[in-house]
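Presented below is the structure to which this report refers.
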């Protein structure tokens, strides 16, 4: 009861903070911040589930956000007729067939132990098949990519409704998570950290360079909205309806997570997290449970990423950065209280607001420093002081992480272990 | 013959250069992994920090009109290494030791090292700005050319590259003697092997931890400075250099310094040869066979933009097929 | 004054108390054997002496010094050595390096002790350049003993030295324990094979539920029908 009251107080404080922002910054801007914060909360749910519930260390959140965002872009962006009228689809189909054959061959090779081949030979066969498949696919993808870029610009989308796109975002992010998790979850969490960091950089590199698919750095816009846009109902109404939509989604996910959390499955996950020895004694089953959690968490990240990117209506691969899309979310979750969904929401809203406000505030502070330095010490500030000033925010994020880990490892709204169990 | 020279320059030498850098970084990561038992995510920025300290010192000395037989940044290296080692110990005391003492899990230390890396990134960019810088001040970058009979191109090695090979070799030999002969070096191996027994035996874990940071920090500073001398000082190296170093560590086997060296070169060569344009070597073969086949203009296994995929794929393959790495390290 | 004096020791892991009042004294030159059923707190007692547990009550005195709750790495200075039950060698270090690590805290010339160890355990001399992890179980146990002897301990704590060894080795291990004791080293040993262990013990401690049940000479405990009935399997 007192816990609930404390939470209520914290959320009331947050409400006051938002009220102040609405009052001082104007409705349209504040709506934008709120919608974005809710999208981040969705992503934070994913991380809270992975880290808080199962102790899974994901530092590649950016990759899953970007993958989800791209999936949604591909499904919902209007059809590019120039592409479909060209040789592109046929050539691409050819590549896809080769990918499928290659994947099947690699899979078959990796299972060739079943017909009695010795293990080193199986490994060798698998690796050779993998290399050959890679070379064949990349050899046929290259001209296809160049052709598509020349003839049609890029592949375009499928022109489907936005909800399909968001579903696809979850599916794609989940599929990638499944592959990564399958490889790393049997090992200690450090490996998962390294692997997710790597996969995120690679997803970003791919989205940035695969111009035929994503237009690369030329960016794609405008992405469609699931609710009436500003042109139809006006700025405020459009953003407000987007806000309602994200809020509803968030509430649904929250209720779902709460149920999962209190179900036997959730209890088991916490037991595994808190006692690694018992976990390893349970063996394979644990790895499977962890994989489920990891995939589910990444699905949420993918969906969150898609809602975020659609709201901003522009897909820019360079816009995905580790700081904003991985570490900021970590701060939200560990500050809010890992393993507690209310904590995740609270952390996401609070940290996102502080984060957005910190940019102008930092610039103002450094402007003062510049003026004072010049007037009092004759200091000539470097021309790129503004971009340097923003580096301070990186520092603050890092400092927050280390300080929270040391002084408040359970966050503002700590996990509550139900004694009933 | 020209093609062969090209291959030596762009394949063999280039691989050795980046391999040395990775090896120097990976030694530190593997020692920290073995002794402190966590993946040190701040290693990439520690390298940048070292290079940045070298830059500041060299710039100050250059401004004071100091000159010597070698580039200033190279001559200040010992000081840079000591300073970086000291900072590493300071970071450990402030951020990692309290967590260790409170019995936090290894993964919490990983998270803390990410916090540290962000702090370093922020500070470096605040003071250095986002642009890249040259570590050569007043002196020219010497280039050594070796003529190859029958070729009109020459094998070229620049001064910092040659210096890199020399310092890598010295570091590896020194490390070998330290670990196999000295009391503290053996104690480090003992702690890495069996920390609880080491404690029972009376080995002071904190001393060993300090030695680990000195070696790790010093070598990181060395690698960072040499890389900056060879190319330029880039403040945003961080995760792009971290991933291949982790790959080298795991390929070599966690806790295995010799493995880290081997892993560094494996990753360095894999990366270099994967982006190498193999058509260069095919062209002469095509000429001998009267152009029996057509040689494409560019035949790299991996496009340069996707270079980062190479260490990642290596990492994944080693995790699937041999998680202990080539030198039978520990699986954590 | 006794060499080792444990008074009313309460200790455990974190919040969990396992030892609920242990008393134990050993005179210099004795072999003390701790026996009892599983979970009685035998190994825990050794670990408590070695500063690896949370001591909530009671005291441990050694050779006139209070060593209650001292950190394990400081015990070498008091000349107390311990051979843990498992993972008791540095597997990737050579036999020789294992012995050197045993002498880590020594700053004087210990080559004489090293020679003595090789004399007590002749097989180690031939394998000194081999990694300890490559040796057989019995030889690994010798390395572990040898490592502990390097500080020339006054007291050596042995945690189930015969665990996991074949019966053939078992008596060999007990012979070694006697040999070590003959060097003037006091031994405190936890053993599963109670009968054989008590047979070589000057003093025996039977523990149950974290408390002393019986304390007597080894011989007397073996002859005590109640002890025999409840702890020695008849």
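Derivation of every value follows stated rules applied to the coordinates shown; laboratory data play no part. Everything quoted here is computed from the prediction, not taken from an experiment. In this analysis, Cβ positions are derived from the backbone assuming ideal geometry, glycine residues included, and neighbour counts consider all displayed protein chains.
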(message) Can you compute the FRET efficiency between residue A:375 and residue B:59 using 1/(1 + (r/R0)^6), with r the Cβ-Cβ distance and R0 = 25 Å? Round to the nearest 0.05.
(response) 0.40
(request) List A:249, C:142, C:16, A:357 from most exposed to least, where exposure is judged by having the fewest other Cβ atoms within 10 Å. (result) C:16, A:357, A:249, C:142
(message) Tell me the angle of helix C:137-149 to the major Cα principal axis of chain C, expressed in degrees between 0 and 90 and rounded to the nearest ten.
(response) 90 degrees
(request) May I ask you to sort A:194, B:72, B:326 by Cβ crowding, counting other Cβ atoms within 10 Å and putting the fewest first? (result) B:326, B:72, A:194
(message) Which of A:408, A:200, A:41 ends up with the largest GNM mean-square fluctuation for chain A, with Cα atoms connected below 10 Å?
(response) A:408
(message) Report for the protein assembly as shown the percent antiparallel among DSSP-assigned beta bridges with both residues inside it, nearest 5.
(response) 65 percent
(request) Calculate for the protein assembly as shown the 222 nm mean residue ellipticity that helices alone would give, adding -39,500 (n - 2.57) per DSSP H run of length 4 or more and normalising by residue count, nearest 500 deg cm²/dmol. (result) -20500 deg cm²/dmol
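For a protection proxy built on the mean count of beta-carbon atoms within 10 angstrom, sort A:173-179, A:301-307 highest first, please.
A:301-307, A:173-179
Order these by the 10 Å Cβ neighbour count, fewest first: C:4, C:198.
Final ranking by Cβ density, sparse to dense: C:4, C:198.
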(request) Return the FRET efficiency for the residue pair residue A:124, residue A:147: r is the Cβ-Cβ distance, R0 is 41 Å, and the value is rounded to the nearest 0.05. (result) 0.70
(request) Have a look at B:194, B:240, B:152 and tell me which one the Gaussian network model of chain B (Cα, springs below 10 Å) gives the largest fluctuation. (result) B:152
(message) Taking each residue in A:185-192, count the Cβ atoms of any other chain within 10 Å of its Cβ, then average. What number comes out?
(response) 6
(request) Using only the Cα atoms, work out Rg/Rh for the protein assembly as shown, with Rh taken as the Kirkwood radius, to two decimals. (result) 1.01
(message) Cβ neighbours within 10 Å, averaged per peptide: list B:130-140, A:45-55 in order, most packed at the top.
(response) A:45-55, B:130-140
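Taking each residue of A:194-201 in turn, how many C-beta atoms of other protein chains fall within 10 Å of its C-beta, and what is the average?
6
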(request) Report, to the nearest 10°, how far helix B:257-275 tilts away from the longest principal axis of the Cα atoms in chain B, using its own Cα long axis and a range of 0 to 90°. (result) 30 degrees
(message) Run the paramagnetic zone check for residue B:127: 7 angstrom along Cα to Cβ, then residues of the stretch B:82-96 with backbone nitrogen under 16 Å.
(response) B:82-91
(message) I need the peptides A:287-294, C:103-110, A:370-377, B:256-263 ranked by packing, meaning the mean over residues of other C-beta atoms within 10 angstrom, with the highest value on top.
(response) B:256-263, A:287-294, C:103-110, A:370-377
(request) Please give the length that would be gained between residue A:219 and residue A:8 if that part of the chain were fully extended, namely 0.36 nm times their separation in residues minus their C-alpha to C-alpha distance (nm, one decimal). (result) 71.8 nm
(message) Can you tell me which of A:207, A:308, A:125 moves the most in a GNM of chain A? Springs connect C-alpha atoms under 10 Å apart.
(response) A:125
(request) Calculate the mean, over all residues of peptide A:385-398, of how many other protein chain Cβ atoms lie within 10 angstrom of the residue's Cβ. (result) 6
(message) Relative contact order for the stretch A:81-153: what percent, with Cα pairs under 8 Å and sequence separation of 6 or more?
(response) 48 percent
(request) Report, to the nearest 10°, how far helix B:159-181 tilts away from the longest principal axis of the Cα atoms in chain B, using its own Cα long axis and a range of 0 to 90°. (result) 40 degrees
